[in-house]
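Engineer: Can you read through this structure? Questions will come right after.
The values are calculated or read from the model by the stated rules, or taken from the named source; none is laboratory data. In this text the structure is predicted, and so the values were computed from the model without any measurement. Glycine gets a Cβ as well: all are built from the backbone with ideal geometry, and neighbour counts include every protein chain shown. Quick note on the areas: whole protein, heavy atoms, side chains included, nothing else; ligands and nucleic acids left out. Shrake-Rupley method; radii C 1.70, N 1.55, O 1.52, S 1.80 Å.
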Amino acid sequence: MATPAAVLVGVVNAVGGEVLREVLMRQEPTILQPGIPSALAALAGCLLFLALVAWLGLDGGSAGVVAVAAVFLIRAVALRYGLRTHPARGFRG
């Protein structure tokens, strides 16, 4: 699979899983609201995974563990320091 396609599939799966969980719990999907940058964290994790596999030659399991830890760290730092996304210009949030 080409690198851009792999990144797209990874981010869509991460975001889609989060949206599905929230819809099943009858909550408004947080991806549609300003808040923790979960989609950006997923993108960073996908890019890190691909870089570790393609450039450093790590096996998929090890690269996956590192990528998951990086996404967790990004989200934890965002929570700790109050890093939030903002609504797009022209929309009320």
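Engineer: Roughly how many percent of the accessible protein surface of the chain is carbon and sulfur, given a 1.4 Å probe and a whole-percent answer?
Structural biologist: The value for the chain is 68 percent carbon and sulfur by accessible area.
Engineer: Once ligands and nucleic acids are excluded and a 1.4 Å probe is used, how much of L50 is accessible, expressed in Å² to the nearest 10?
Structural biologist: L50 exposes around 40 Å² with every protein chain in place.
Engineer: Can you give the accessible area of F72 in Å² (nearest 10), computed on protein heavy atoms with a 1.4 Å probe?
Structural biologist: Per-residue accessible area (F72): approximately 150 Å².
Engineer: Per residue, how much space in cubic angstrom lies within the convex hull of the C-alpha atoms of the stretch 17-93? It would help to have the intermediate numbers written out before the result.
Structural biologist: Working: hull volume 8.9 nm³, N = 77.
Per-residue hull volume (Cα only) is 116 Å³.
Engineer: Solvent-accessible area of V12, probe 1.4 Å, all protein chains present, reported in Å² to the nearest ten, please.
Structural biologist: 90 Å²
Engineer: Now for a different question. Which residue, G60, G45, G35, has the most motion in a Gaussian network model of the chain that connects Cα atoms within less than 10 Å?
Structural biologist: Among G60, G45, G35, the largest mean-square fluctuation in the Gaussian network model of the chain belongs to G60.
Engineer: Moving on to the next point. Loop only per DSSP, at most 13 neighbouring Cβ atoms within 10 Å: give me the trypsin sites (Lys or Arg not before Pro) in the stretch 12-81, ordered by residue number.
Structural biologist: Here the sparse-neighbourhood loop sites are R26.
Engineer: When the C-alpha atoms of the stretch 1-54 are aligned to their principal axes, what extent does each axis show, in angstrom, from largest down?
Structural biologist: In descending order, the Cα extents are 39, 20, 13 Å.
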